[in-house]
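To start, the structure under review is shown below, and the notes come after it.
The values are calculated or read from the model by the stated rules, or taken from the named source; none is laboratory data. Just so it is clear, the structure is predicted and the values come from calculations on it, not from any experiment. Cβ: placed from backbone, ideal geometry, glycine included. Neighbour counts: every protein chain shown.
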Amino acid sequence: MKEAQVRDVFAVITDFLAEDPTDEELLAYKLPEDLQERVSHLLYLNRESELTCEQRHELDDYMRANRMISTLKIRTELRMRGLEA
């Protein structure tokens, strides 16, 4: 039986960005608690070598989302400091 994904990480991030957050809100952004818990669970399963193929893809999505948000935060910080190229 396929494990139901609580929420799609990219949909959650897109909804946040669609609200046109301020620079400060963007820099303070964290995934909602339920998604943070899901990531922790997937990382645990990964350490135990118990991830299914679907869970591996889901964890990959979280990793890509994390890189995207990190990049947005860095670029925002640079722009705020007047250092963006």
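Exactly one residue out of 4, 18 is at negative phi and at pLDDT 95 or above: that is 18. Helices (runs of 4 or more DSSP H) fully within segment 1-72 that include at least 3 residues being surrounded by 13 or more Cβ atoms within 10 Å (Cβ to Cβ): 9-18, 33-47. Scanning segment 73-85 for residues that are more than 18 Å from the chain's Cα centre (by Cα) and among the aliphatic types (A, V, I, L, M), we see that the one that is surrounded by the fewest Cβ atoms within 10 Å (Cβ to Cβ) is 85. Determine the pairs where a residue that is in contact (Cβ under 8 Å) with a residue 40 or more places away in the chain, located within segment 27-45, has a partner that is not aliphatic (A, V, I, L, M) with Cβ atoms under 9 Å apart, the partner being 6 or more residues away or on another chain. Pairs found: 27/73; 27/76; 27/77; 29/16; 29/21; 29/73.
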